[in-house]
Amino acid sequence: MDNRNFPRRTRKPSVGRGGVAEFINRQGVYLVLFVCLAVIGVTAYFTMGQSNDVAQVPSPSPQGQAAANPQVPTLDEEIKRLQQAASPTPAVTATPAPTATPSPTPAATATPAAKQTAILPVQGEVLRGFSAKDPVFFPTLNQWMVHKATDIQAAEGTEVKAALDGTVKSVGNDAETGYTVVLEHDGGIQTVYGNLQAPENIKKGQTVQQGDVIGKVGKSAANVQDDPAHLHFAYLVKGTAKDPMKVCK
């Protein structure tokens with residue numbers, strides 16, 4: 001039988017793994033290009049959406065950033081903090097109030113000793129009184145003279161006593177008053193004892209107490225030889241003669 005007289009059955013191509021492979025081989029370039037474009041489009045879509053979302057979110061403030069992202073201290077800062085915590089906090093020194101300047105204490109003033117009252121060196125009648133201005137008569141000289149002392153009559157040899165505490169300033173023989181002793185006392189006071197007997201046991205610079213015997217009544221003064229025995233007694237304050245009968249008891 002001649003097969004050419006029968007029509008041939010055309011075989012349909014089967015689609016299988018070989019067909020897919022053949023399809024990819026022939027259409028692969030376009031498929032890859034399509035996939036790439038799809039990926040690019042999807043990526044662009046999501047990227048633009050995220051950009052819009054980011055633009056709508058406000059930027060956090062520095063305070064918010066600091067709160068959201070607290071700064072982690074470094075090792076040196078942490079060590080320093082621990083050292084400060086371990087160290088005792090120094091006490092605050094109070095400023096001292098200014099010290100009041102004390103007033104100087106006045107030096108203790110020594111209570112002055114009671115002033116002595118002068119005593120009369122001898123007891124007797126006044127033979128010739130004190131007269132600093134009006135002259136008095138001197139029989140031996142037969143003349144009138146100012147008399148800045150008091151002549152107290154007393155028996156020859158009568159003890160003469162110091163009128164005040166003091167120091168012997170001089171012991172001598174004066175042309176007018178004879179043997180004379182001069183004493184110095186506090187307050188610039190001087191007492192003069194004249195017409196004495198020759199001095200005994202009395203020296204210049206010697207300290208005497210009120211009432212100590214410093215001599216005896218005599219008749220050694222040349223200008224009163226005609227007078228009875230008496231003591232010539234003068235009392236001076238800083239060189240000025242005073243009436244002895246007014247200052248002595």
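The values are calculated or read from the model by the stated rules, or taken from the named source; none is laboratory data. No experiment lies behind these values; they were computed from the predicted model shown. Don't worry about glycine lacking a Cβ; one is built from the backbone with ideal geometry, like all the others, and counts go over all protein chains shown. Protein only, heavy atoms only, side chains kept; ligands, DNA and RNA dropped before computing areas. Shrake-Rupley method; radii C 1.70, N 1.55, O 1.52, S 1.80 Å.
Odds and ends about this structure:
- Split the accessible area of segment 199-238 by element, probe 1.4 Å, and carbon with sulfur accounts for 44%.
- With 21 Å as the limit, the listed pairs LYS219/LYS242; LYS204/LYS249; LYS133/LYS242 have LYS219/LYS242; LYS204/LYS249 beyond it between alpha carbons.
- Taking 0.36 nm per residue of separation and subtracting the Cα-Cα distance, full extension of the segment from LYS203 to GLU176 would add 7.6 nm.
- Extension gain, ASP212 back to GLU184 (0.36 nm per residue minus Cα-Cα distance, nm): 8.7 nm
- Computed over segment 191-249, the quotient of the alpha carbon radius of gyration and 2.2 N^0.38 Å is 1.24.
- Proximal aspartates and glutamates relative to LYS246, as straight alpha-carbon distance under 17 Å, when same-chain residues fewer than 8 apart are discounted: GLU125, ASP151
- Among ASP174, ASP227, ASP186, the sequence by solvent-accessible area, most first, with a 1.4 Å probe is ASP186, ASP174, ASP227.
- Rounded accessible area per residue of segment 148-249, 1.4 Å, Å²: 49
- Placing a pseudo-label 7 Å from each Cα along the Cα-to-Cβ vector at VAL146 and SER103 gives an inter-label distance of 5.1 nm.
- Summed residue charge, Cβ within 13 Å of SER220's Cβ, Lys/Arg positive, Asp/Glu negative: -2
- Summing +1 for each Lys or Arg and -1 for each Asp or Glu among the other residues whose beta-carbon sits under 15 angstrom from that of GLY157 gives 0.
- Each Cα pair of segment 129-170 feeds into the Kirkwood radius, which the Stokes-Einstein equation turns, at 25 °C and 0.890 mPa s, into a diffusion coefficient of 190 µm²/s.
- Candidate aspartates and glutamates for bridging to LYS148, where Cα separation is under 12 Å - those fewer than 8 sequence places away on the same chain excluded: ASP134, ASP243
- Rg/Rh ratio calculated on Cα atoms of segment 154-211 (Kirkwood radius): 0.94
- Per-atom-type breakdown for segment 116-178 gives carbon and sulfur 48% of the accessible area (1.4 Å probe, protein chains only).
- Ranked order, ASP165, ASP243 - accessible area, probe 1.4 Å, largest first: ASP165, ASP243
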